[in-house]
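Report on the structure given below.
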Amino acid sequence: MRPLSKAASIFIMLLVFLGMISLQKVSAQEITISAAISLKEAFSEIAKHFEARQKEVRVLFNFGASGDLVRQIMAGAPVDVFASAGLKEMDELEQKGQVVSGSRANFAENTVVLITPQQSSLKIENLSDLTNKEVTRIAVGNPKTVPAGRYADQVLRNLKLYDTVKEKLILAENVRQVLDYVARGEVDAGLVYATDAATKAKELKKIVPVPEGSHQPVVYPIAAVKGGKNESLAKAFVSWVISPEGESILRRHGFKIITNKK
Amino acid sequence: MGLSLRLFKKVDGFTLEVEWAIDEELAVLFGFSGAGKSMTLQMIAGLMTPDRGRIILGEEVLFDNQTGINLSPQDRSIGYVFQDLALFPHMTVWGNIAYGLRGPTRKAMAVKVKEMIEIFHLEGLEKKKPAAISGGQQQRVALARALIRQPRLLLLDEPFSALDSPLRAEMQDYLKTIKQDFKIPVILVTHDLSEAYSLADCLIIYSQGRISQVGSPREVWTNPIIREAKRVYRLSAEALSPERVKTD
Amino acid sequence: MNTDLWFSLRLSLQVAFAATVLIVLFGVAAGYLLARKNFRGKELIDILFTLPLVLPPTVTGYYLIILFGRNGWIGKVLYTWTGWSIMFTWYAAVLASFVVALPLMIRTTRAAIESIDPHLIQASFTLGHSELETAWKVILPLARRGLLAGTVLSFARAMGEFGATLMVAGNIPGKTNTLPLTIYTLAGSGEWSQAQIAVLLLTLASAFFLFWANRTARKAF
């Protein structure tokens with residue numbers, strides 16, 4: 001390479017490098033939110049509105065099974081806000097002293113439904129049909145790490161179906177995987193939240209609500225996590241979620257709103 | 001019952017184009033490295049296919065690209081002794097020699113193997129592996145293995161190049177005996193002049209993929225390749241002349 | 001030791017063993033052909049067989065779902081004919097282990113066979129033995145040590161398979177939760193002391209197999 005073009009390419013590389021460093025500073029504030037995967041669409045929309053109102057703020061999401069998420073936070077993951085699909089996970093975090101006091105609030109409720117694949121020829125109209133011989137595979141979340149799996153477990157036990165169907169259970173890593181297994185036809189039926197079923201309604205044959213009271217209420221708590229980089233911004237986000245505007249977005253996605261937040 | 005061939009092969013920029021014939025005699029393919037001698041042997045044995053040509057052993061056509069005949073090496077009934085001997089390292093002397101036999105019975109095969117062991121003076125070594133016997137013994141096993149099927153032709157590719165002189169002389173005697181006892185044509189590849197001259201009934205001189213000359217040892221004495229080989233030989237002989245070796 | 005761990009260990013050994021049997025049968029044959037034969041598209045086939053070695057197991061898992069899922073190209077046919085799907089069974093775990101470990105066997109076999117002195121094979125031919133007979137009496141016996149090293153290596157890899165297994169067999173307690181998957185669940189639910197035992201088991205087993213494979217390979221080449 002001629003000396004001049006060699007110098008030119010080094011110069012350009014330096015420019016690009018400097019440009020990349022400075023880009024880091026432009027996006028002023030960031031918060032990371034670990035949220036139950038069933039909140040994916042609702043929270044993404046809420047975050048967009050939040051960013052529009054706040055200016056120079058970026059919201060980063062980490063969606064997954066609430067059990068996995070809480071494990072990550074306890075292992076030191078740099079998370080600012082945590083929202084789970086059950087009280088148990090938030091309680092664990094609070095016991096470990098990792099919740100910013102006073103920032104916890106219950107902001108939504110959900111219901112559990114039984115779903116079947118569009119292409120399935122089996123007749124499954126209600127939960128007791130799951131005991132039929134032709135039903136060989138039922139997807140539910142892993143009760144150890146997925147709240148939806150815990151609720152499904154409660155439903156099956158309360159309706160005295162658990163012992164009959166336990167051999168047929170296929171455990172998934174999070175509630176959206178349950179939904180995927182059913183939508184893809186890998187299983188004959190599955191138990192997910194009503195809000196999840198709504199996202200893939202076209203690929204499902206039946207969406208049947210489970211009997212009232214067959215499971216603990218599905219309550220979603222949210223809180224700011226201690227040790228986050230920007231506590232005030234985290235608290236601002238939590239406030240936004242429980243505000244009327246946040247509520248209406250949640251409602252639109254099928255969540256029930258709690259009147260008594262604490 | 002002799003061998004006649006005509007071969008043409010082009011590979012990696014090297015062209016082999018040769019034609020010669022021999023009777024029931026010991027023919028030596030002589031020439032410098034890379035002249036195409038080993039290649040010729042491979043093609044005679046069916047381990048390499050010529051681009052064009054014809055190979056006839058006795059009355060049988062082994063290869064003819066015009067009629068599409070190309071016998072597999074298994075069907076050519078030719079004994080082959082490789083330069084590195086290629087004895088099966090995981091088999092005993094007995095196993096190596098017996099390898100080419102098919103029957104009819106185990107007893108019949110044992111008789112034949114014992115015969116070979118006697119002819120080649122390998123008694124006591126039957127159960128040993130090739131790595132446990134001497135170079136000369138390995139040579140004899142390779143010969144025995146190749147000859148047990150009573151092939152119609154024996155090919156040897158620089159078989160004695162790794163041996164020291166006394167052993168070499170011994171092996172050359174073996175070859176003369178084989179020629180007499182087995183009554184088949186033998187083709188030997190070498191670049192050693194004295195070996196060529198002590199063994200050959202007929203010398204076929206290779207030079208860069210072509211035949212320089214075919215004839216008796218006396219006839220080819222003046223061939224330029226032979227002259228060059230003689231010069232090298234003389235130079236090495238001079239190094240041992242009395243003038244150069246000081247004695248007290 | 002928890003009964004669950006005991007089951008997982010047994011399952012892992014069972015899956016690895018079954019996968020290795022298939023791997024040896026298929027891998028030696030494929031490795032032999034690649035070492036001995038020349039044919040059109042040979043290098044392409046070699047790349048295809050080596051891909052699972054370099055691709056992340058999740059990619060392999062993805063392709064397996066496309067092929068063997070209940071609606072997959074092969075899975076659909078299977079389901080229509082027999083009403084049975086391989087997904088979420090231990091057979092799927094065997095399939096996943098088979099696909100990811102097969103390249104190891106093929107490459108080891110190919111190297112072992114290619115390192116045999118070609119004159120030995122030629123000598124066998126001139127002594128009247130066909131390719132098949134030569135393979136049985138000369139080639140495979142001489143490649144024996146390399147083949148054994150490849151087998152042990154494949155077994156170890158099969159024991160440790162996780163990504164693709166999770167995707168096609170799932171992580172179903174009592175059915176498909178192999179040791180790696182159990183460790184994942186235990187760690188994910190905070191049962192660290194149990195996880196520790198499982199991790200120790202798997203590490204020791206893998207180290208042992210690796211040691212054995214190395215020793216055998218050293219004597220082979």
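Looking across segment B:217-248 at every residue that is closer than 16 Å to residue B:194 by Cα and of a type in the set (Asp, Glu), the one that is modelled with the lowest pLDDT is identified as B:238. Taking segment A:27-82 as the range and being farther than 21 Å from residue A:254 by Cα, part of a loop (DSSP other than H, G, I, E, B) and either in contact (Cβ under 8 Å) with a residue 12 or more places away in the chain or aliphatic (A, V, I, L, M) (or both) as the test, the residues that pass are A:27, A:28, A:56, A:75, A:77, A:78, A:79, A:80.
I need the full set of residues from segment A:89-100 which are under 15 Å from the mean Cα position of the chain (by Cα) and either without any contact (Cβ under 8 Å) to a residue 60 or more places away in the chain or farther than 22 Å from residue A:233 by Cβ (or both), in order please. Result: A:89, single match. Of the residues making up segment C:167-178, at least one is farther than 30 Å from residue A:76 by Cα, part of a helix (DSSP H, G or I), within 14 Å of chain A (Cβ to nearest Cβ) and modelled with pLDDT of 90 or more.
Looking across B:193, B:153, B:188, B:167, one residue alone is under 12 Å from the mean Cα position of the chain (by Cα), surrounded by 14 or more Cβ atoms within 10 Å (Cβ to Cβ) and more than 15 Å from residue B:85 (Cα to Cα). It is B:153.
Rundown of residues vs (1) outside any loop (DSSP other than H, G, I, E, B); (2) among the acidic types (Asp, Glu); (3) free of Cβ contacts under 8 Å to residues at least 40 places away in the same chain; (4) closer than 21 Å to residue B:41 by Cα, yes/no style:
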{"site": "B:149", "(1), (2), (3), (4)": "no, no, no, yes"}
{"site": "B:197", "(1), (2), (3), (4)": "yes, no, yes, yes"}
{"site": "B:204", "(1), (2), (3), (4)": "yes, no, no, yes"}
{"site": "B:225", "(1), (2), (3), (4)": "yes, no, no, yes"}
{"site": "B:243", "(1), (2), (3), (4)": "no, yes, yes, no"}
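Kindly indicate whether residue A:108 is away from chain C (no Cβ under 11 Å), surrounded by fewer than 20 Cβ atoms within 10 Å (Cβ to Cβ) and within 30 Å of residue A:243 (Cα to Cα). No: the conditions fail for residue A:108.
Listed here are the strands (runs of 3 or more DSSP E) enclosed by segment B:1-114 that have at least 3 residues being buried (at least 20 other Cβ atoms within 10 Å of the Cβ), within 13 Å of chain C (Cβ to nearest Cβ) and touching a residue at least 24 places away in the same chain (Cβ under 8 Å): B:78-81.
Might you check whether a residue that is polar (S, T, N, Q) and within 20 Å of the chain's Cα centre (by Cα) occurs anywhere in segment A:202-218? Yes, segment A:202-218 contains at least one residue that is polar (S, T, N, Q) and within 20 Å of the chain's Cα centre (by Cα).
Applying the selection to segment A:205-219, what residues are in a strand (DSSP E or B) and buried (at least 22 other Cβ atoms within 10 Å of the Cβ)? Hit for segment A:205-219 is A:218, nothing else. Suppose the filter is over 21 Å from residue A:63 (Cβ atoms), surrounded by 19 or more Cβ atoms within 10 Å (Cβ to Cβ) and charged (D, E, K, R); does residue A:173 pass it? When the stated conditions are applied, residue A:173 does not pass them. When segment A:83-115 is filtered for residues that are closer than 14 Å to residue A:34 by Cβ and not in a loop (DSSP other than H, G, I, E, B), the ones remaining, listed by number, are A:83, A:89, A:90, A:92, A:93, A:99. Being within 21 Å of the chain's Cα centre (by Cα) and hydrophobic (A, V, I, L, M, F, W, C) is the filter here, so list the residues in segment A:101-137 that pass it. Passing the criteria: A:105, A:107, A:108, A:112, A:113, A:114, A:115.
Taken as a whole, the structure places residue C:88 among residues that are within 30 Å of residue A:136 (Cβ to Cβ) and in contact with a strand residue (DSSP E or B) (Cβ under 8 Å, 6 or more places away or on another chain). For segment A:153-207, a residue qualifies if it is within 26 Å of residue C:165 (Cα to Cα), among the aliphatic types (A, V, I, L, M) and more than 14 Å from chain C (Cβ to nearest Cβ), and the qualifying residues are A:175, A:179, A:191, A:192. Report yes if residue C:84 is of a type outside the set (Val, Ile, Thr), without any contact (Cβ under 8 Å) to a residue 40 or more places away in the chain and over 30 Å from residue C:186 (Cβ atoms), otherwise no. Here the answer is yes, as residue C:84 does meet what is asked.
Per-residue answers, yes or no, for (1) touching a residue at least 40 places away in the same chain (Cβ under 8 Å); (2) loosely packed, with under 14 Cβ neighbours inside 10 Å; (3) within 18 Å of residue C:91 (Cβ to Cβ):
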| site | (1), (2), (3) |
| --- | --- |
| C:6 | no, yes, no |
| C:10 | no, yes, yes |
| C:18 | yes, no, yes |
| C:27 | yes, no, no |
| C:40 | no, yes, no |
| C:43 | no, yes, no |
| C:47 | no, yes, no |
| C:54 | no, yes, no |
| C:60 | yes, no, yes |
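The sole residue among C:33, C:22 that is aliphatic (A, V, I, L, M) and within 14 Å of the chain's Cα centre (by Cα) is C:22.
Taken as a whole, segment C:103-113 holds at least one residue that is part of a helix (DSSP H, G or I), over 19 Å from the mean Cα position of the chain (by Cα) and surrounded by fewer than 24 Cβ atoms within 10 Å (Cβ to Cβ). Of all the criteria given as (1) closer than 15 Å to residue A:182 by Cα; (2) touching a helix residue (DSSP H, G or I) at 6+ places or on another chain (Cβ under 9 Å); (3) free of Cβ contacts under 8 Å to residues at least 40 places away in the same chain, the one not satisfied by residue A:113 is (3). The criterion of at least 1 residues that are within 14 Å of chain A (Cβ to nearest Cβ) and of a type outside the set (Asp, Glu) is met by the following helices (runs of 4 or more DSSP H) wholly inside segment C:6-85: C:57-68, C:73-82.
When the residues of segment C:122-134 are filtered to those that are part of a helix (DSSP H, G or I), facing chain B (nearest Cβ under 9 Å) and in contact with a helix residue (DSSP H, G or I) (Cβ under 6 Å, 6 or more places away or on another chain), the one that is surrounded by the fewest Cβ atoms within 10 Å (Cβ to Cβ) is C:125.
The values are calculated or read from the model by the stated rules, or taken from the named source; none is laboratory data. Quick caveat, the model's predicted, so the values are computed rather than measured. Glycine gets a Cβ as well: all are built from the backbone with ideal geometry, and neighbour counts include every protein chain shown.
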